[in-house]
1. Length gain on complete extension for the stretch Leu440 to Leu146, per 0.36 nm per residue less the alpha carbon to alpha carbon distance?
2. Over all directions, what mean area does the Cα convex hull of segment 273-315 project, stated in square nanometres?
3. Compute, for segment 396-460, the length of the dipole vector about the Cα centre, with Cβ point charges of +1 (Lys, Arg) and -1 (Asp, Glu) only. Units Debye, rounded to 20.
4. Extension gain Leu222-Glu53, at 0.36 nm per residue separation less the Cα-Cα distance, in nm?
5. How big is the charge dipole of the chain about its Cα centre, in debye rounded to the nearest 20, if each Lys and Arg gets +1 on its Cβ and each Asp and Glu gets -1 on its Cβ?
6. Report P(r) for segment 231-361: all Cα-Cα distances, bin width 10 Å, range 0 to the bin holding the largest distance, values in whole percent.
7. For segment 108-194, evaluate the Debye formula with one uniform point scatterer on each Cα (no solvent term) and list log10 I(q)/I(0) at q = 0.12, 0.18 Å⁻¹, rounded to two decimals.
8. Tell me which of Ile417, Asn316, Pro87 sits at the most positive position along the dipole axis of the chain, charges placed on C-beta atoms (Lys, Arg +1; Asp, Glu -1).
Amino acid sequence: MCGIVGIQGTTPVNQALYDALTVLQHRGQDAAGIVTICEDRLRQRKANGLVREVFEERHMQRLIGNVGIGHVRYPTAGSSSVAQAQPFYVNSPFGITLAHNGNLTNARELKEEQFRVARRHINTTSDSEILLNVLAHEIDQLTQNLHLEPEHVFAAVAGVHKKIRGAYAAVAVIIGHGMLAFRDPNGIRPLVLGKRECAQGGTEYMVASESVALNAVGFELLRDVAPGEAIYVTQQGELFTQQCAQEPQYQSCIFEYVYFARPDSFIDKVSVYAVRARMGLKLGEKIAREWEDFDIDVVIPIPETSCDIALEIAHNLDLPYRQGFVKNRYIGRTFIMPGQEQRQQSVRRKLNAIHSEFFGKNVLLVDDSIVRGTTSEQIIKMAREAGAKKVYFASAAPEIRFPNVYGIDMPSVNELIAYGREVDEICQLIGADGLIFQELEDLEDAVRHFNPELRRFETSVFTGEYVTKDVDQRYLDEQYTLRSLNSELADCQDDAHLAIYNEGES
Ligand SMILES: O=P(O)(O)OC[C@H]1O[C@H](OP(=O)(O)OP(=O)(O)O)[C@H](O)[C@@H]1O
Ligand SMILES: NC(=O)CC[C@H](N)C(=O)O
Ligand SMILES: [Mg+2]
């Protein structure tokens with residue numbers, strides 16, 4: 001997953017973009033980038049690393065201007081090379097820079113078409129560079145001179161929706177004209193709109209992946225960007241919005257609520273925190289139903305995402321809740337780290353057990369999800385080493401059995417511990433005394449409870465059914481090969497100097 005942000009302001013935006021990216025850091029830890037625009041000149045800084053590592057004071061000083069966009073990256077297409085860090089830039093028409101969260105499922109066809117029909121060369125293996133070029137070509141086709149009206153921009157987004165398949169929440173700046181944001185017709189990835197009245201006068205607009213970014217920099221949440229909708233704020237600060245898809249519908253990614261988003265965010269009018277608590281309630285009910293005379297003494301979360309869920313399970317089962325693992329606050333999220341070796345090493349560096357909470361007890365460990373099983377297997381060992389008598393395990397998401405093609409890095413079924421396995425077998429593999437998973441229906445209900453308009457969700461990792469209907473085995477095999485190839489290539493690349501034409505090296 002990635003995090004995106006954009007501000008069309010009346011005051012300098014560099015600090016606000018930086019602050020917003022720091023609270024979106026949980027969506028991507030590999031690379032970060034900011035582009036600002038001042039007097040028709042674009043300034044950029046992007047590199048691998050966390051936000052606080054990428055931007056030094058000297059970079060921030062250069063990022064001048066009242067409009068800009070930012071990105072934190074968790075790679076899905078291509079590699080984690082800095083060449084694929086975002087935002088991307090094309091110099092025609094007008095000069096456009098874009099940041100994208102999601103993944104396109106017809107990227108290969110689009111790249112070929114862009115070369116054949118639009119004579120556009122795409123230099124990286126990033127699908128986001130393709131998205132930018134498709135948008136640029138659409139805008140180019142719709143404008144004959146230097147004039148650009150909101151209706152041109154909306155027609156271009158309508159063209160993008162017709163051509164592109166997959167997941168995309170995107171923000172772009174068309175230099176000298178305005179800021180554009182749009183969400184794919186299924187609303188797979190989240191996107192919110194906010195505003196702030198500036199003390200010096202004038203209204204500033206901001207879009208971001210999650211509402212927490214608006215809160216952090218003092219913007220008021222206006223609403224979610226609807227599936228298929230485009231938001232355009234002109235350089236003069238005028239806001240225009242339009243539905244640009246023919247058949248928009250809510251089929252947003254349910255995994256945002258399970259794991260990705262921060263609990264203090266609202267997505268599609270639903271509090272992520274409230275959903276996680278309700279996931280705990282539902283799972284607690286299932287445990288009480290299926291493990292009638294359970295002998296659990298204590299409920300312990302696996303920090304950090306599962307804490308709100310575990311608390312509610314404990315409450316529901318009338319059991320004590322204890323924070324039996326301490327999380328090292330300087331280690332990031334393990335699941336979104338690149339490479340299985342790095343992920344494996346990180347679990348023990350990240351979590352450590354408080355022995356007194358385990359010794360001689362039957363514990364129920366709770367996690368939001370089991371994906372590769374890296375965390376659960378190691379954490380169960382740690383609980384036993386700490387003296388637990390029995391270790392039960394509960395997953396607040398159902399069994400993850402299929403690859404994700406919409407922006408989550410789960411490219412191969414062979415990596416997924418639940419693929420082709422039933423609960424007993426998974427239980428044995430992770431070494432638990434008992435294992436229980438949430439029902440998909442209960443997970444969907446947990447979200448829908450707070451917004452009944454959300455009738456359907458993108459749940460392919462549980463069901464193998466893909467909302468864009470274009471994903472077959474051939475595509476999945478191709479993605480897997482590409483991904484392996486790209487990560488090998490990334491290891492031998494020299495990315496020391498990647499500058500943009502009009503600015504010196506960062
Ligand atoms: O089965 P696995 O492949 O290990 O993946 C699942 C685990 O990864 C995530 O934690 P992560 O450490 O990324 O972040 P968190 O601190 O937000 O829980 C998730 O919360 C699970 O704990
Ligand atoms: N996780 C994401 O949203 C990734 C965005 C884009 N596909 C990339 O790889 O950079
Ligand atoms: Mg976790």
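The values are calculated or read from the model by the stated rules, or taken from the named source; none is laboratory data. Worth saying up front: this structure is predicted, and the values here are computed from it rather than measured. Neighbour counts run over all protein chains shown; Cβ positions are idealised from the backbone, glycine included. Note: areas computed on protein heavy atoms with side chains; ligands, DNA, RNA excluded. Shrake-Rupley method; radii C 1.70, N 1.55, O 1.52, S 1.80 Å.
1. The span from Leu440 to Leu146 would gain 100.7 nm if fully extended.
2. 2.9
3. With Lys and Arg at +1 and Asp and Glu at -1, about 240 debye.
4. 57.7 nm
5. About 800 debye.
6. Taking all Cα pairs of segment 231-361, the binned fractions are 10, 27, 31, 17, 10, 4, 1 percent.
7. Debye output, listed in q order: -0.36, -0.82.
8. Working it through, the farthest residue towards the positive pole turns out to be Pro87.
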